[in-house]
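Visitor: Below you'll find the structure I mean.
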Amino acid sequence: FEIMKARAKLSASGKLYLLNAPDDYPYTSVSPDEYEKVIYPSVIARIRWLQSATDLLEEHIKSAGFTIPPVTFEMDRFSLQRNGVCHISSDGEANRIGISPVYIDGPDVVQTLTHELVHAIDNCLHGHYGGFVRIATKIGLVGPGRSQQPDKRLKALFDEIWKELGPYPH
């Protein structure tokens, strides 16, 4: 929430655009033309970054015995209080993964992405229990389902991915 406050102040100064800004903070709105020039390219850059990170996580996840199902990525379509979200697939469509737009740190994004990929592998069937925990543990996420942390090996992989991809676009 503190990050959102800081971003709202920057936005009010005209130096930052916010999507889904908190109702009680000033924010800069954008015209459709500005959206196409400024916001849309940023969203596309984040989606490409997430796709590349998923590709780099794929071998590790396969070595744990799982396959990443088809997934798509979306931005700015859910509560800012959540780090990420995975929407269940239906009718053979890909699971949709959203990563909070408040993220600016690559390793944290990769950790949240991995958590949401576990939901996708589980097809969002078990929440943060049972099958979800079994998959997450085999991949290298440890601790309670909602607040899992990477083990040392997985943390090292997150750092490698972040170094390879560079900063998370925002």
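Visitor: Taking interchain pairs and intrachain pairs at least six residues apart, which have beta carbon atoms under 6 angstrom, with the first residue in region 96-115 and more than 19 Å from Ile61 (Cβ to Cβ) and the second of a type in the set (A, V, I, L, M) and buried (at least 22 other Cβ atoms within 10 Å of the Cβ)?
Guide: Listed pairs, sorted by first residue: Tyr103/Val109.
Visitor: Within region 113-134, how many residues are surrounded by fewer than 20 Cβ atoms within 10 Å (Cβ to Cβ) and within 18 Å of Pro150 (Cα to Cα)?
Guide: First, the residues of region 113-134 that are surrounded by fewer than 20 Cβ atoms within 10 Å (Cβ to Cβ): 123-131, 134.
Filter once more, keeping what is within 18 Å of Pro150 (Cα to Cα): 128-129, 131, 134.
Result for region 113-134: 4.
Visitor: Still on this structure, I have one more. Does any residue of region 73-96 turn out to be modelled with pLDDT of 90 or more, surrounded by 18 or more Cβ atoms within 10 Å (Cβ to Cβ) and out of contact with any Leu (no Cβ under 6 Å at 6 or more places or on another chain)? Break it down stepwise before answering.
Guide: Our first condition is that a residue be modelled with pLDDT of 90 or more; within region 73-96, this holds for none.
No, region 73-96 contains no residue that is modelled with pLDDT of 90 or more, surrounded by 18 or more Cβ atoms within 10 Å (Cβ to Cβ) and out of contact with any Leu (no Cβ under 6 Å at 6 or more places or on another chain).
Visitor: Something else now. In the set Pro169, Pro150, which member is open to solvent by less than 60 Å² (accessible area, probe 1.4 Å) and within 28 Å of Val38 (Cβ to Cβ)?
Guide: On the way: Pro150 fails: within 28 Å of Val38 (Cβ to Cβ).
Checking each option against the conditions leaves just Pro169.
Visitor: Applying the selection to region 120-134, what residues are in contact with a strand residue (DSSP E or B) (Cβ under 8 Å, 6 or more places away or on another chain) and in a helix (DSSP H, G or I)?
Guide: Of all residues in region 120-134, those in contact with a strand residue (DSSP E or B) (Cβ under 8 Å, 6 or more places away or on another chain) come to 120, 123-124.
Passing the criteria: only Ala120.
Visitor: Residue check: is Thr137 open to solvent by 60 Å² or more (accessible area, probe 1.4 Å) and touching a strand residue (DSSP E or B) at 6+ places or on another chain (Cβ under 6 Å)? Outline the logic, then answer.
Guide: On the way: open to solvent by 60 Å² or more (accessible area, probe 1.4 Å): yes; touching a strand residue (DSSP E or B) at 6+ places or on another chain (Cβ under 6 Å): no.
In short, no.
Visitor: Then there's this: Pairs, please: C-beta under 9 Å, at least 6 apart or cross-chain, first residue free of Cβ contacts under 8 Å to residues at least 40 places away in the same chain and in region 142-160, second open to solvent by 50 Å² or more (accessible area, probe 1.4 Å) and basic (Lys, Arg)?
Guide: So the pair list comes out as Gln149/Lys155.
Visitor: Let me ask something else. With Ile99, Ile135, Ile139 as the choices, which residue is of a type outside the set (Ser, Thr, Tyr) and touching a Lys or Arg at 6+ places or on another chain (Cβ under 9 Å)?
Guide: Checking each option against the conditions leaves just Ile99.
The values are calculated or read from the model by the stated rules, or taken from the named source; none is laboratory data. The structure displayed is predicted, hence computed values, not measured ones. A quick note on method: Cβ atoms are made from the backbone with ideal geometry, for glycine too, and the neighbour counts reach across all protein chains shown. Side chains are part of the model used for accessible areas, which takes the heavy atoms of the whole protein and leaves out ligands, DNA and RNA. Shrake-Rupley method; radii C 1.70, N 1.55, O 1.52, S 1.80 Å.
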